[in-house]
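The values are calculated or read from the model by the stated rules, or taken from the named source; none is laboratory data. Just so it is clear, the structure is predicted and the values come from calculations on it, not from any experiment. Here the Cβ positions follow ideal geometry from the backbone for every residue, glycine too, while neighbour counts run over all protein chains shown.
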Amino acid sequence: MALEIRVVSYGSDDAQLLTAEVQAEYGRRYGGDGDISPIDPAQFDAPDGYFVIGYVDGVPAVSGGWRRGGPEGDTDAEIKRMYVRPQFARQGHARTVLADLECTAAAAGITRLVLETGTAQPEAIALYGSSGYERIAPFGFYAGYDDSVHFAKRIRR
């Protein structure tokens, strides 16, 4: 099953569908309503952001995006809303989207990608660790949460 990556608006129907699914998954794993950090959909618009959905046979399968800014300022970008629908898991789609995010961020002048994930997401921790991301000091909205894990990776054009 080939993955077709399409740049979309974070406010698009498919992006909102996958966001609702990942929020439900966060709620299942952590309790509550999911990720409560503030997100403005415009943060994912070019030139200071980027959001994609990967499609398999026309069906939205995986999402991810980045928004400019992080602990080191505007040369950082934060990865958000990486999600693979369960029926498309373990097929390499998350790794493909992550590589796309890294390439597009580097092309936009970003030198480091940062992200936060949680201890109840071992598959995410494994993906980022195996992709060259290293743990960093907590930052941002979830800096004070004990179940939060923060990563960064230097990227180049």
### Query
Going through region 6-21 one residue at a time, which ones are among the aliphatic types (A, V, I, L, M) and either touching a helix residue (DSSP H, G or I) at 6+ places or on another chain (Cβ under 9 Å) or surrounded by fewer than 18 Cβ atoms within 10 Å (Cβ to Cβ) (or both)?
7, 8, 15, 17, 20
### Query
So, of the residues in region 106-144 that are loosely packed, with under 15 Cβ neighbours inside 10 Å and of a type in the set (Asp, Glu), which turns out to be nearest to residue 155 (Cα to Cα)?
134
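Quick check on region 97-111. Is at least one of its residues in a loop (DSSP other than H, G, I, E, B), within 21 Å of residue 29 (Cβ to Cβ) and not β-branched (Val, Ile, Thr)?
Of region 97-111, the ones in a loop (DSSP other than H, G, I, E, B) are 108-111.
From what's left, within 21 Å of residue 29 (Cβ to Cβ): none.
No, because not a single residue in region 97-111 is in a loop (DSSP other than H, G, I, E, B), within 21 Å of residue 29 (Cβ to Cβ) and not β-branched (Val, Ile, Thr).
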### Message
Where the second residue is modelled with pLDDT of 95 or more and not in a strand (DSSP E or B) and the first is over 14 Å from residue 108 (Cα atoms) and among the small types (Gly, Ala, Ser) and lies in region 43-68, which pairs have Cβ atoms under 6 Å and are six or more apart or on separate chains?
### Response
54/93; 54/97; 61/85; 61/88; 61/93; 63/18; 64/97; 64/101
### Message
Going by what's in this entry, would residue 84 be described as over 12 Å from the mean Cα position of the chain (by Cα), at pLDDT 95 or above and either over 23 Å from residue 131 (Cβ atoms) or not aromatic (Phe, Trp, Tyr) (or both)?
### Response
no
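With the structure loaded, tell me whether residue 69 is small (Gly, Ala, Ser), in contact with a strand residue (DSSP E or B) (Cβ under 9 Å, 6 or more places away or on another chain) and under 26 Å from residue 145 (Cβ atoms) or whether it fails that test. If you could, list the steps in order and put the result at the bottom.
Values: small (Gly, Ala, Ser): yes; in contact with a strand residue (DSSP E or B) (Cβ under 9 Å, 6 or more places away or on another chain): yes; under 26 Å from residue 145 (Cβ atoms): yes.
It is true that residue 69 is small (Gly, Ala, Ser), in contact with a strand residue (DSSP E or B) (Cβ under 9 Å, 6 or more places away or on another chain) and under 26 Å from residue 145 (Cβ atoms).
Does residue 82 meet the test of being surrounded by fewer than 16 Cβ atoms within 10 Å (Cβ to Cβ), touching a residue at least 24 places away in the same chain (Cβ under 8 Å) and either touching a strand residue (DSSP E or B) at 6+ places or on another chain (Cβ under 7 Å) or under 22 Å from residue 95 (Cα atoms) (or both)?
Numbers: surrounded by fewer than 16 Cβ atoms within 10 Å (Cβ to Cβ): no; touching a residue at least 24 places away in the same chain (Cβ under 8 Å): yes; either touching a strand residue (DSSP E or B) at 6+ places or on another chain (Cβ under 7 Å) or under 22 Å from residue 95 (Cα atoms) (or both): yes.
Against the criterion (surrounded by fewer than 16 Cβ atoms within 10 Å (Cβ to Cβ), touching a residue at least 24 places away in the same chain (Cβ under 8 Å) and either touching a strand residue (DSSP E or B) at 6+ places or on another chain (Cβ under 7 Å) or under 22 Å from residue 95 (Cα atoms) (or both)), residue 82 does not qualify.
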